[in-house]
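What follows is one structure encoded as structure tokens, with my remarks underneath.
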Amino acid sequence: MSSEAPEDLEGQDKVDGENADSKAVMNEKSKPLNKFFDRFRTGLVLSTLLMLFVVTFFWQTVVVFNHPGQQGVYWSRFFGGTSDRYLGEGAHFKFPWDEIAQYDMRLQEAGGDLVLLSKDGMEMDVKWSIRFRPEPNELPELHRALGPDYAHRVVIPEAISSLRQVLGNYRAEEIFAYDEASLVTQLSKNAGHKFDNYPVFVKNILLLQLQLPKDMAEGIVNKLLFEQEMLAYDYRLQAAQHEKDRLKIEAEGLKQFEEISNIPMLQWKGIDATVELAKSPNSKIIVIGTDSKELPLLLNSGK
């Protein structure tokens, strides 16, 4: 048995040596593949990091958010310029070299203070306001013709022009006494005609304040007060004339009564009063005159 043990050990060592050689050969063959996968993983990580960096860096240039009430117009640098399609609310993607112009589609307000001249050359301090918004279906055309600064290019200048045209047709005292609603309607109508050629909707123009020079304003107020006094005086004259006509008609009626009845009106009134008093339950004394022309004399003797 002692002679066979060394032979078994030698066989086992030989087998182990062959297995070690095969493993070494397999390791040598797998090294290029492992290197490939290591490089692939490293490249993937670097590419991912690079992509995240690019997206983060260019995020503001590739994504545009339209907030509530906003619409956008897409402008392409290399493919036709302004698009006829407008973009609604929410997120929109674009190339970094393109642009999306944003417009507020809600009703907007602009205004200010202005010094105007009336028809008679009087200066007026006017505080005004205009309310407007873009036409949604014509937004690309608005972008081509005017751009996002359309309010300062068209809306405000045309509003001032309407104020000059309308208020310049009246004298200062006429504007002071004019119905405000009618004046605002006339201003809005005039402004509406001016914006017929622009893709802008104008709701109205408001006069927030209209102030004349102090002396002029006091003069107009005094004039208006005097006119009201004259109107009141004319009314009193007309009332007096009507009263005169009434008394004249009444006198003519009394005259005709006396001519027809041959009874003086004073006597008739006395007789009528005597009859009424005679109906009274109080005791009285009636003294008849000495002739037919004298009135009865009534003496009340009641308690």
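What is the extension gain from Glu141 to Gln102, computed as 0.36 nm multiplied by their sequence separation minus the C-alpha to C-alpha distance, in nm to one decimal?
My answer for the length gained is 12.7 nm.
If R₀ is 25 angstrom, what is the calculated FRET efficiency for the pair Leu225 and Arg164, using the beta carbon separation as r and rounding to 0.05?
0.25
Could you compute the FRET efficiency for Phe93 and Arg39, with r as their C-beta to C-beta distance and R0 at 41 Å, rounded to 0.05?
E between Phe93 and Arg39, to the nearest 0.05, is 0.80.
Please list, in chain and number order, the residues 5+ apart from Leu87 or on another chain whose amide H is under 5 Å from its amide H, with Hs placed from the backbone.
Here Gly72, Val73, Tyr74 satisfy the definition.
So how much slack lies between Leu247 and Leu114, counting 0.36 nm per residue of separation and subtracting their Cα-Cα distance, in nm?
41.9 nm
Suppose R0 equals 45 Å. What FRET efficiency, 1/(1 + (r/R0)^6) with r the Cβ-Cβ distance, do Arg77 and Lys127 give to the nearest 0.05?
0.55
Since every read-out is calculated from the coordinates, none of them should be taken as a lab result. Predicted model, so just to flag it, every value in this text is computed and none were measured. Glycine gets a Cβ as well: all are built from the backbone with ideal geometry, and neighbour counts include every protein chain shown.
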